[in-house]
1. Given axes a ≥ b ≥ c from the Cα gyration tensor, I'd like to know whether segment 33-187 is rounded (a/c under 1.5), prolate (a/b larger than b/c) or oblate.
2. Arrange Met183, Met47 by Cβ neighbour counts within 10 Å, fewest through most, would you?
3. Would you calculate the separation in nanometres between label points at Ile88 and Asn148, each defined as 7 Å from the Cα along the Cα-to-beta-carbon direction?
4. Summing Lys, Arg as +1 and Asp, Glu as -1, what charge do residues with Cβ under 9 Å from the Cβ of Gly120 carry, Gly120 excluded?
Amino acid sequence: MKTFRRIIVRISLLAIIIFYITSIESYAFDPPDEYDHQFIGVTKCKMCHKKEKKGLQYEIWRESAHSRAYETLATPDAKELSEKYGVIDPQKDSKCLRCHTTGHDAPSEFKGRKYDISEGVGCESCHGAGGDYYRSKVMKGIRRGRINRERYGLIIPNEETCKECHNADGHMPVKEEFNFKIMWAKIAHPIPEG
Ligand code: HEC
Ligand code: HEC
Ligand code: HEC
Ligand code: HEC
């Protein structure tokens, strides 16, 4: 009887372990839903990321081509391209908006009150929708490594992020092969040391 009980205990333990391992596996292989968080727009990020002491991220973005990416779609150059691609109004067509605006494919319930298409390629195009990570407590926790940024939707972008748009399957008026080092240098916005 004793040995029988021992076997039962072992089998249960094994079952628990197997369950645990497979649940980790399925978690690891289940990519997070791309649109789990709300897009809140650049003005929210600006509140805390505009000071020199912090690294002027807002200013650097505003001066960059990304902040004009939507306006660009109203230029004569855009019109010319549109004709080539059978697009009537590039400021209304997904064929252009998917790279020239933020979170274009996101369902409307993920576009917050302050979401503004005219902001073009905003912070959240690269860093992910900010609806859950923008609070000071969360931001600081993430910075200090106390909070898992993925859970809140914050992305630390890299070269692959850029290539989601800087690639050859757009129009492409891409002048040359995308060079991350050169292109990143043009828009880098680090937090100053100390
Ligand atoms: C309420 C203030 C606040 C708002 C709003 C805010 N942030 Fe932050 N953010 C911070 C603070 C504080 C830090 C920690 C670093 C520091 O002290 O400068 C931080 C850090 C970051 C980091 C670096 C994280 C890391 O681990 O290195 C990124 C990226 C970032 N913020 C992006 C954004 C974006 C994009 C938005 C808008 C969607 C935004 N933040 C909105 C306060 C804010
Ligand atoms: C796959 C992403 C992608 C799509 C789709 C896309 N674009 Fe672009 N577009 C870009 C990128 C990236 C640049 C910047 C290229 C560079 O300077 O290296 C750009 C640049 C431009 C420029 C030049 C801006 C300038 O003044 O230098 C125009 C005009 C333009 N796009 C119009 C359009 C139009 C019109 C459409 C739709 C028919 C469109 N784009 C679709 C990614 C895209
Ligand atoms: C959501 C799409 C998107 C993503 C992601 C993106 N870009 Fe862009 N980028 C554009 C578009 C569109 C333009 C052209 C805007 C315009 O001229 O109106 C552009 C223009 C630029 C320019 C100015 C063009 C030039 O030759 O000077 C630089 C620099 C740049 N991007 C760097 C980057 C880097 C670095 C990354 C990744 C960290 C990145 N981009 C990610 C869409 C994107
Ligand atoms: C074109 C893509 C792109 C856009 C748009 C963008 N960022 Fe970033 N951001 C990056 C990349 C790439 C990094 C560097 C990640 C790393 O350190 O490896 C970064 C880093 C940061 C950091 C951390 C800097 C550090 O020293 O650790 C902050 C804070 C930040 N971004 C805030 C913003 C804010 C606020 C906006 C909008 C005003 C914005 N970013 C727009 C791509 C982008």
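Read-outs throughout are calculated quantities, based only on the coordinates presented, and are distinct from any laboratory measurement. This one's a predicted model, so the numbers in the text were calculated from it and none came from an experiment. Virtual Cβ from ideal backbone geometry, glycine too; neighbours counted across all protein chains shown.
1. prolate
2. Ranking Met183, Met47 by Cβ neighbours within 10 Å, fewest first, gives Met47, Met183.
3. Label at Ile88, label at Asn148, 4.7 nm between them.
4. Around Gly120, the charge tally is -1.
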